[in-house]
1. For the subset of region 341-358 comprising residues that are touching a strand residue (DSSP E or B) at 6+ places or on another chain (Cβ under 8 Å) and in a loop (DSSP other than H, G, I, E, B), which member is surrounded by the fewest Cβ atoms within 10 Å (Cβ to Cβ)?
2. Considering Ala571, Ala589, Ala576, which residue is at pLDDT below 90 and under 22 Å from Pro463 (Cβ atoms)?
3. Please pick out the residue among Ile309, Ile288, Ile274 that is touching an Asp or Glu at 6+ places or on another chain (Cβ under 6 Å) and not charged (D, E, K, R).
4. Against the definition (in contact with a Leu (Cβ under 9 Å, 6 or more places away or on another chain) and modelled with pLDDT under 80), how does Leu354 come out, yes or no?
5. Which of the residues belonging to region 88-137 are of a type in the set (Ser, Thr, Tyr) and within 26 Å of Glu19 (Cβ to Cβ)?
6. As an exercise: evaluate Lys224 against (1) buried (at least 18 other Cβ atoms within 10 Å of the Cβ); (2) over 30 Å from Phe98 (Cβ atoms) and give the number of the one condition it does not meet.
7. Kindly indicate whether Lys478 is within 28 Å of the chain's Cα centre (by Cα) and either farther than 23 Å from Glu643 by Cβ or at pLDDT 70 or above (or both).
8. Can you pull out every residue in region 16-40 that is among the hydroxyl-bearing types (Ser, Thr, Tyr) and either modelled with pLDDT under 95 or within 13 Å of Thr388 (Cα to Cα) (or both)?
Amino acid sequence: MKLTKARVQNYRSVEDSGEFEIGDLTCLVGKNEAGKTALLSAMRGLKPSQTVEFDETIDYPRRFSTRFDDRHEDGTAEVIRTWWRLEAADMVAVEKRFGPGVLKGDTFQAHFGFRYDDSRIWIIDIDSAKVLENMLTKHALDATERNVLHGVTDGPAADKALTGLAERTPKQEALLQDIKKCRESSFMKGVIDVLSARQPKFFFTSHFERMSGMVSIQKLQQDKQNKTVSVGDQIFLAFLEYAGTTLDELLEADRREALKATCEAASNEITEEIFQFWSQNNALEVVIDIDSGKAKDPAPFNTGTVAEIRIKNNNHKATLPLSERSAGFVWFFSFLAQFKQLRKTPGNGNAIILLDEPGLTLHGKAQGDLLRYIVERLLPDHQVIFTTHSPFMVPMDRLADVRIVEDVVIEKPGKRPEVKGTKVRSDVLEVNDDTLFPLQGALGYEVTQSLFIGANTWLVEGPSDILYLQVVSQALTKRRRVGLDPKWTLCPSGGIDKIAPFVRLFGGNKINVAVLSDIANGDKTKIENLKKADILKAGHFYTCADFTNQAESDVEDLFDADLYVDMLNGAYKLPAANAVTKDALIAAAPTPRIVKKAEALFKLLPTTVAEFDHFGTSRWLLENPSALDADTPAVNATLDRFEYAFKVFNSLLV
């Protein structure tokens, strides 16, 4: 099952966050003290993988602490409400227990809060009568045996009716025992228990949680018995469990060498994992040292068995304690140790991972590595929700997954400010400048890498589009026809998802922005939302389909198919036996988009043929502009379409 939406209330700085969507990846962006940590802490309380409890004295908003009963007439205060979508396997699990047709939908809600008696409340729609009918069929009760249940539609009533019989047949007894397997004989609670066992737990970790680099095994064993294990030592325990050993085994001297080998094997695996994603220094490796405490070492490391994690730098041929490495590296190592053990723990394989300010002490590039790790390693099996105020942790290629967190205070002249508390917004740019800063920084970094802007900026998808427009414009002006007005600055936006942020961030600089966007089936809703958002001047947004009379189009579709075939053959120097023909290209894929047809066709060609990419044909056209000098129907049709586009966009200049 997947978490799809959440709402936090009555928790620390959060009076009511409002409902906010949750995807596979959700990035909560906000400045310090905005309430980001409070949101994650509240969410994990629903079903924590670690021991955690809501403390009314500490966690209920202080400004309302004396008014709890007035604000909550039923005596409970909801903290976290969640919305979930069931997957096929979840529905099969319910069907296996209660038969088909029991669930009336594939969604449910679950919520929890203060004074809930430690029970989570579920809202799910089931057909209790169908459950009973399935059970009657399962136990093969005949008409006479069923008669006692006439008019009964739920579990408790069925339990009462069967229990009240002076004598039950074997089938009636089997049915009664089956009903009693449900909590309180409730079919609703029976379904909830099946699904609750499958509901993901919430695994929480923050940038403050780092593994202890050295531990006294005897001291750690004592702390474990007293339940006073520190966070750092708890992570070390997780590492030991991942290594396949325990504290007790470490205390057995005759097993020490084998255990050391086991720990080193685990260290090697984590080392390999780290350095696939740690670009700062690939000459490091993890070393586990298990030895007896030395008399002159500080307590508690002066006696008993001491385990130490050291980091070896192969360039300098030296090792240092983990605690003396950079805080960022220690956190990354600690997180991997926790995550590796999480995957091994039964019931946590699908845990929802909550990361509070992950990688805060990492260099900007290393934060990019961490973000890549989250996407490549965590997302395939886990939903991930993380908080940040760092530009380098904002997933610029997934801006739809970003949510803004603000502590909203409305200033009123001459009056006390109205405190609204922490709010979560899905519109990533309808916020104040301080909150917007991480997004400005993130997009600003990308701008410095790839974008050039001017007073009149024409946004297109990518560099190949710029080449096409420039080369065709030259061909048109060469014929004394209308081409690209030199007032336009062509700018690659990197995709439709980055158009809105670009306009929001730079529109205030009095830049005249127009857009030519590709369009595919999945883009139609995004385009409609952009047009409705009023972030562009009316009439400044066009798709390639506006100039091709196709439902889906890229810039390449402005080229006549015959001309594009010539460009493909020229760009990839295809031998006669493998030359692209118009008929083969058109038949390669059912889509009207010519680039998708080309991609499909090239997959059928021999491996000796270069892989198709969008840039190849545009580069060839740049190097062979004479291809547009011919007076052929294909060239003329192409020039007509581009000229029409240039006339439309030139009319938008200021």
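1. Asn348
2. It is Ala571.
3. That would be Ile288, the only listed residue that is touching an Asp or Glu at 6+ places or on another chain (Cβ under 6 Å) and not charged (D, E, K, R).
4. In short, no.
5. Thr107, Tyr116, Ser119
6. Among (1) buried (at least 18 other Cβ atoms within 10 Å of the Cβ); (2) over 30 Å from Phe98 (Cβ atoms), the lone unmet condition for Lys224 is (1).
7. It is false that Lys478 is within 28 Å of the chain's Cα centre (by Cα) and either farther than 23 Å from Glu643 by Cβ or at pLDDT 70 or above (or both).
8. If the condition is that a residue be among the hydroxyl-bearing types (Ser, Thr, Tyr) and either modelled with pLDDT under 95 or within 13 Å of Thr388 (Cα to Cα) (or both), then Thr26, Thr37 are the ones that fit.
The values are calculated or read from the model by the stated rules, or taken from the named source; none is laboratory data. This structure is a prediction, so every number in the text was calculated from the model and none was measured. Glycine gets a Cβ as well: all are built from the backbone with ideal geometry, and neighbour counts include every protein chain shown.
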